[in-house]
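Asks: Take a look at the following structure, please.
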Amino acid sequence: MIRARRWPDESGPADSRVLGKDRSHLPRKRFGQHFLADPHYVGRIVAAIDPQPGDNLVEIGPGLGALTRPLLERVGRLTVIEIDRDLAAKLQAEFTPDRLSVRIADALVFDFASLGADLRVIGNLPYYISTPLLFHLAQCETAIRDITVMLQKEVVDRMTAAPATRAYGRLSVTLQVRFRIEPLFAVPPRAFRPAPKVESAVARLTPLREARPRLADEAVFARLVAAAFGQRRKTLRNAVRALASDAELERAGIDPGARGETLSVADFVRLANALSASESSSSTRTARARRSRSS
Ligand code: SAM
């Protein structure tokens with residue numbers, strides 16, 4: 001949970017060029033509004049994105065436009081998704097629709113695939129929804145060329161975590177099976193107005209494409225990963241009881257007495273594919289899963 005040091009921010013932006021001299025908007029805590037106010041970090045993020053004319057760019061949460069303006073200068077045309085109607089109206093007043101397509105929407109349920117192929121997703125993400133938003137973007141992976149986002153540093157640590165570490169979990173496995181993830185650089189709280197209480201970091205996610213492990217059934221994989229990390233202290237035998245028997249775990253080379261957090265992404269893929277392939281046990285598993293969901 002992120003708490004601003006001061007709401008509303010009375011100090012104004014560090015650099016009025018970045019916030020367009022607009023002091024009329026009071027940051028809304030419920031929308032996770034921490035506006036980027038340091039031109040140094042704006043420049044570094046734009047350089048990391050390296051936008052080119054013709055790129056199919058979409059920015060999540062443009063806010064007061066700190067990233068939007070320099071991006072537009074480079075690409076000429078941009079789509080933004082903003083939940084705050086007041087901020088969306090400011091952007092609509094500043095830019096014509098042929099340059100800036102403003103979608104007033106909740107990014108958590110927005111259909112990113114509707115924006116076309118080869119999508120480049122960027123944003124200083126609202127931290128209160130960054131994890132569910134990453135799960136949502138993972139579902140649209142085939143439409144995406146890359147994702148460059150600012151998040152809490154702690155979330156970037158979870159995205160890139162290795163097995164048997166505290167940070168390793170459902171987010172790590174769900175993203176690592178689909179994306180190459182590069183932590184790029186950290187951003188201190190003083191770069192924002194109002195300042196968040198936590199460190200931030202910028203990361204890039206690139207779909208693995210042909211290097212992506214083949215999943216026979218995405219839904220089985222998702223259920224398995226969710227169950228394995230649902231109760232971290234439990235052994236796999238107990239945590240995934242509704243999905244796999246001891247024998248099925250052992251046949252996939254997995255110790256039923258191990259904890260889910262010790263399994264690599266490759267282990268999860270192998271086990272999920274073994275479960276999917278096991279035609280005869282599939283109806284049993286479904287019945288077990290139904291029983292476990294209804295209990
Ligand atoms: N990009 C701006 C910047 O760097 O200064 C603003 C970043 S601020 C951390 C997050 C932005 O996301 C805000 O403009 C906020 O209104 C918007 N936002 C919050 N929740 C959202 C949601 N569910 N869907 C779309 N935008 C959202």
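Values in this text are rule-based calculations from the coordinates and carry no lab data. In this text the structure is predicted, and so the values were computed from the model without any measurement. Here Cβ is always computed from backbone atoms with ideal geometry, including for glycine, and neighbour counts include all displayed protein chains.
Asks: Excluding Ile81 itself, what net charge comes from residues whose Cβ is under 13 Å from its Cβ, given Lys and Arg +1 and Asp and Glu -1?
Replies: Values: positive: Arg85, Arg103; negative: Glu59, Glu82, Asp84, Asp106, Asp111.
With Lys, Arg at +1 and Asp, Glu at -1, the neighbours total -3.
Asks: Sticking with this one: Using DSSP, restrict attention to beta bridges with both residues in region 16-209 and report what percent are antiparallel, rounded to the nearest 5.
Replies: So the antiparallel bridges in region 16-209 amount to around 45 percent.
Asks: For the chain, calculate the relative contact order in percent as a whole number, restricting contacts to Cα pairs under 8 Å that are 6 or more residues apart. Walk me through the intermediate numbers first.
Replies: Working: 506 pairs, mean separation 46.1, N = 295.
Reported relative contact order: 16 percent.
Asks: Just to be sure I understand the curve: with the Debye formula and one point per C-alpha of region 35-161, what is log10 I(q)/I(0) at q = 0.10, 0.13, 0.14, 0.17 Å⁻¹?
Replies: For the requested q values the scattering log ratios are -0.28, -0.49, -0.57, -0.87.
Asks: Moving on to the next point. Radius of gyration and Dmax for region 202-257's Cα atoms, expressed in Å?
Replies: 14.0, 43
Asks: What list do you get for Val198, Val269 if you sort them by fewest beta carbons within 10 Å?
Replies: Values: Val198 17, Val269 20.
By the 10 Å Cβ count, ascending: Val198, Val269.
Asks: If packing is taken as the average number of other Cβ atoms within 10 Å across a peptide's residues, how do 28-34, 161-167, 215-221, 175-181 rank, most packed first?
Replies: Details: 28-34: 17.6, 161-167: 13.6, 215-221: 15.9, 175-181: 20.3.
Averaged packing, sorted descending, gives the order 175-181, 28-34, 215-221, 161-167.
Asks: If we count every other residue with Cβ under 9 angstrom of Thr206's Cβ, Lys/Arg +1 and Asp/Glu -1, where does the sum land?
Replies: Its environment carries a net charge of +2.
Asks: Could you compute Rg(Cα) / (2.2 N^0.38 Å) for the chain, with N its residue count?
Replies: Working: Rg = 21.4 Å, N = 295, 2.2 N^0.38 = 19.1 Å.
For the chain, the normalised Cα radius of gyration comes out at 1.12.
Asks: Quick one: net charge around Asp157, please, counting Lys, Arg +1 and Asp, Glu -1 for every other residue with C-beta under 13 Å from its C-beta.
Replies: On the way: positive: Lys153, Arg158, Arg166; negative: Glu154, Glu199.
Here the count lands on +1.
Asks: Could you run the Debye sum over the Cα atoms of region 106-229, one equal point scatterer each and no solvent, and tell me log10 of I(q)/I(0) at q = 0.09 Å⁻¹, two decimals?
Replies: Result of the Debye calculation: -0.25.
Asks: Next question, about the same structure. Within a 10 angstrom radius of the beta carbon, how do His40, His25 rank from fewest other beta carbons to most?
Replies: The fewest-first ordering by Cβ neighbours comes to His40, His25.
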